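As structure tokens, the structure follows; a few thoughts come after it.
The values are calculated or read from the model by the stated rules, or taken from the named source; none is laboratory data. No experiment lies behind these values; they were computed from the predicted model shown. A quick note on method: Cβ atoms are made from the backbone with ideal geometry, for glycine too, and the neighbour counts reach across all protein chains shown. These accessible areas exclude ligands, DNA and RNA; they are computed on the full protein's heavy atoms, side chains included. Shrake-Rupley method; radii C 1.70, N 1.55, O 1.52, S 1.80 Å.
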Amino acid sequence: MQSAALLHLLQLASPSLPVGAYSYSQGLEAAIEDGMVSNEATARIWITDTLHHVVARFEAPILWRLLLAFEANDADSVAVWTERFIAARDTAEFRAETIQMGYSLAKLATDLKLGDGTTLALLKQHEEVPMPTALACAAIALNVPPQAALLAMLFSWAENQVLVCVKSVPLGQVAGQRLLLSLVPELEAAASVAQQLGDHELSNWSPGLSLLSMQHEIQYSRLYRS
């Protein structure tokens, strides 16, 4: 990867990117409240299970398709996978999360005038933009290779999950970094799966996670918005 593309990728994957990712736990806070995640070992089980059974089989493959669609300037494919991703958000919190983050990143990309305008033009065709669509647009506009953008998305997701555990279980900082290091082969495997799945193999079937998300909507004491 060229140095400029690497620096752009680091910026997109940075926790300081102003899209509000830190304010969401994606159901993890509810799992902590229910006692399903209570230490480093159970945190790793939660993260790896969610990674392999949900993220790697639906969110990451859709991001992969969107990256390729933006790279090919394929407006129809961008529209199809954008609509399918939004439709698959099965709780109010999960839907609000991806629309808010997608809106923030899309606005940032527009304000910064990323790319030559062609990629952003595809983005502006959609009234609602989920996070994967906005991220794919920004990555391609900045000439970030799709494989690298996919890995960055997976790492950012895992890092956010680990930070939720550090704050809320709570885990120590060393335990958090140890956990993040241990996830590297898992993230590599998830990226490989995401690139290989056929359209008919995509699935976000995770009723337990959906129930936790719905419980979180009425959870009395919480730090996160999902």
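Subtracting the Cα-Cα distance from 0.36 nm times the residue separation, let me have the gained length for VAL184 to ASP49 in nm, one decimal.
Extra length from VAL184 to ASP49 when fully extended: 47.2 nm.
Rounded to the nearest 20 debye, what is the charge dipole size of region 1-80 about its Cα centre when +1 sits on each Lys and Arg Cβ and -1 on each Asp and Glu Cβ? Each step should come with its number before you reach the end.
On the way: 3 positive and 9 negative charges, 40 e Å.
Computed about the Cα centre, the dipole is about 200 debye.
For the chain, with only Lys/Arg (+1) and Asp/Glu (-1) charged at the beta-carbon, what is the dipole magnitude about the Cα centre, in debye rounded to 20?
420
Under unit Cβ charges (Lys, Arg +1; Asp, Glu -1), what dipole magnitude, rounded to 20 debye, does region 131-219 have relative to its Cα centre?
300
Below 18 Å, Cα to Cα, which aspartates and glutamates can LYS124 reach? Residues fewer than 8 away in the same chain don't count.
Within reach: GLU71, ASP74, ASP76, GLU83, ASP111, ASP116.
Taking the Cα centre of the chain as the origin and placing charges on Cβ (Lys, Arg +1; Asp, Glu -1), which of ALA13, THR98, ALA72 is farthest toward the positive end of the dipole?
ALA13
Share of the chain's accessible area from carbon and sulfur, percent, 1.4 Å? Let's see the in-between values first.
Details: 6180 of 10870 Å².
The computed percentage sits at 57.
So how do LEU163, LEU67 rank on accessible area, 1.4 Å probe, biggest first, that is with the largest at the start?
Result, largest first: LEU163, LEU67.
Using Stokes-Einstein with the Kirkwood hydrodynamic radius over Cα pairs, what translational diffusion coefficient do you get for region 144-191 at 4 °C and a viscosity of 1.567 mPa s, in µm²/s rounded to a whole number?
Answer from the Stokes-Einstein relation: 116 µm²/s.
Accessible area per residue of region 147-186 at 1.4 Å probe, in Å²?
Spelled out: the 1.4 Å probe surface of region 147-186, per residue, equals 44 Å².
What angle, in degrees between 0 and 90 and rounded to the nearest 10, separates the Cα long axis of helix 60-71 from the longest principal axis of the Cα atoms of the chain?
Roughly 20 degrees, rounded to the nearest 10.
DSSP loop (so not H, G, I, E, B), at most 11 other Cβ within 10 Å: list which GluC sites (Glu not before Pro) in region 102-199 pass both filters. Before the final figure, lay out each step's value.
Values: sites: GLU127, GLU128, GLU159, GLU186, GLU188; in loops: GLU127, GLU128.
Those that pass, being in a loop and sparsely packed, are GLU127.
At a threshold of 8 angstrom on Cα-Cα distance, excluding pairs fewer than six apart, so keeping six or more, what relative contact order does region 96-226 reach in percent?
Taking the mean separation of contacting Cα pairs over the length of region 96-226, I get 19 percent.
Which of MET1, ALA175, LEU151 sits closest to the plus end of the dipole of the chain, meaning its Cα is farthest towards the positive end, when Lys and Arg get +1 and Asp and Glu get -1 on the C-beta?
The one lying farthest along the dipole's positive direction is ALA175.
Given a 1.4 angstrom probe, what's the average accessible area per residue across region 1-146, in square angstrom? Write down the numbers at each step before the final one.
On the way: 6580 Å² over 146 residues.
Normalised by residue count, the accessible surface of region 1-146 is 45 Å².
Checking the a/c ratio against 1.5 first, then a/b against b/c, what shape does the Cα gyration tensor give for region 173-217?
Oblate.
At a 1.4 Å probe radius, which order do HIS126, HIS8 fall into by accessible area, largest first?
Result, largest first: HIS8, HIS126.
Using only Cα atoms, find the angle between the long axis of helix 173-182 and the longest principal axis of the chain, and express it within 0 to 90 degrees, rounded to the nearest 10.
Helix 173-182 and the main axis of the chain meet at about 60 degrees.
Suppose only helical runs count, i.e. DSSP H with n ≥ 4. What mean residue ellipticity at 222 nm does that imply for the chain under -39500 (n - 2.57) per run, divided by all residues and rounded to the nearest 500 deg cm²/dmol? If you can, show how the numbers build up before the last one.
Values: 12 runs with 148 residues, N = 226.
Computed mean residue ellipticity for the chain: -20500 deg cm²/dmol.
Relative to the longest principal Cα axis of the chain, at what angle does helix 3-13 sit, 0 to 90 degrees, rounded to 10?
Tilt of helix 3-13: around 50 degrees.
Cα centroids of region 33-48 and region 59-117: how far apart, whole angstrom?
29
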